[in-house]
Amino acid sequence: MSPAGLFLSFEGGEGSGKSVQARALADWLRSNGREVVLTREPGGTLFGERVREVLLHAKDVSLAPAAQALLFSAARAQLVAEVIRPALAAGAVVVADRFFDSTLAYQGYGYGADLAGLMAITRFATADLRPRRTFLLDVPVDVGSARRAARRSGANRWDRFESDGRQFHDRLRAGYLELAAADTARFVLVPGERALEVIAAEIQASVAELLVPSRS
Ligand code: TMP
């Protein structure tokens, strides 16, 4: 049985602007009277936030791609069970800042973990829950790197994924574009170099279509 609410996700590489757009969409939906739950991955639960510390910031902990994928998936399983499914069952709109496509793109395309294996653990972790629509914020790797550098100028925490090289980010971007091309019914490709308000309006229009009550 499909859940009563609406599940939307945002994806993209570093500096793509997806988190800003996820928040903007949540604000817009709330201002239109919708119940909204905004989540981020890894995180969104106490367990997920702890796993996030190890995955992103524990420089002394080495993690093979498969180990990364299992940890991200464990955090996702908890998020789905504790937050996303109950919210959807209550009729809310869930806006996820990253979901399983991040694992396919980062651990699969980026680090070379087996895609079929990643899809299998993803299905297990989510019990086959998929976003109704996924917005892929796409920017050239150089643009994302420059934004990331500007954002991090005040921060001094090591980040496992941001510290990876140019080739990794090239593979990541190409992987995301491949995922989007393979599932055009779910993905919306959003060029991310335009003004924030222009991008937000485009996303709102796409979501508005889904909020119109069906006449059938
Ligand atoms: P973010 O909150 O800035 O998006 O950071 C999350 C980081 O974790 C980002 O570098 C992408 C990475 N990540 C993965 O590698 N695989 C995953 O499945 C998820 C959810 C995130």
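The values are calculated or read from the model by the stated rules, or taken from the named source; none is laboratory data. The structure presented is a predicted model; accordingly, all values stated were derived computationally and were not measured. Note: ideal-geometry Cβ built from the backbone for every residue, glycine included; neighbour counts use all protein chains shown. Accessible surface areas use protein heavy atoms only, side chains included; no ligands, DNA or RNA. Shrake-Rupley method; radii C 1.70, N 1.55, O 1.52, S 1.80 Å.
For the range 12-52, the gyration tensor built on C-alpha atoms gives an oblate shape. Its axis ratio a/c (a ≥ b ≥ c) is at least 1.5, and a/b is not larger than b/c. Using a probe of 1.4 angstrom and keeping all protein chains present, the accessible surface of the range 62-216 works out to 49 square angstrom per residue. First select every other residue whose beta carbon is under 15 angstrom from the beta carbon of GLY165; then total the charges, Lys and Arg +1, Asp and Glu -1. Taking every Cβ under 15 Å from that of GLY165, the sum is -1. As a length-normalised measure over Cα pairs under 8 Å and 6 or more apart, the relative contact order of the range 1-78 settles at 22 percent. Evaluated with a Cβ-only charge set (Lys, Arg +1; Asp, Glu -1), the range 6-211 carries a dipole of roughly 300 debye about its Cα centre, given to the nearest 20. Using a Förster distance of 35 Å, how high is the FRET efficiency between ASP114 and ARG152, based on the Cβ-Cβ distance and rounded to 0.05? My answer for the efficiency is 0.65.
Once neighbouring chains are kept in place and the probe is 1.4 Å, which whole percent of the accessible area of the chain is contributed by carbon and sulfur? On the chain, the fraction of accessible area on carbon and sulfur atoms equals 56 percent.
Among ASP60, ASP170, the order of accessible area from largest down is ASP60, ASP170, computed with a 1.4 Å probe on protein heavy atoms. Counted residue by residue at 0.36 nm each, then reduced by the alpha carbon distance between them, the extension gain from ALA195 to ARG30 reaches 57.2 nm.
Prolate is the label for the range 27-140, because a/c, from the alpha-carbon gyration tensor with a ≥ b ≥ c as root eigenvalues, is 1.5 or above and a/b exceeds b/c. Hydrophobic, long helices, defined as DSSP H runs whose alpha-carbon span along the helix axis is 15 Å or greater and whose mean Kyte-Doolittle value is at least 1.0, occur in the chain at 115-126, 196-211.
How would the range 6-211 be classified by its alpha-carbon gyration tensor: rounded, prolate or oblate, with rounded meaning a/c under 1.5 and the a/b versus b/c comparison settling the rest? Since a/c stays below 1.5, the shape of the range 6-211 is classed as rounded. The relative contact order of the chain comes to 32 percent, based on Cα pairs under 8 Å that sit 6 or more residues apart.
Measuring gaps between exposed loop sites in the chain (trypsin sites (Lys or Arg not before Pro); DSSP loop; at most 14 other Cβ atoms within 10 Å), the longest gap, sites not included, is 60-156. At full extension, ALA127 and ARG50 could sit 25.5 nm farther apart than now, given 0.36 nm per residue minus the alpha carbon distance.
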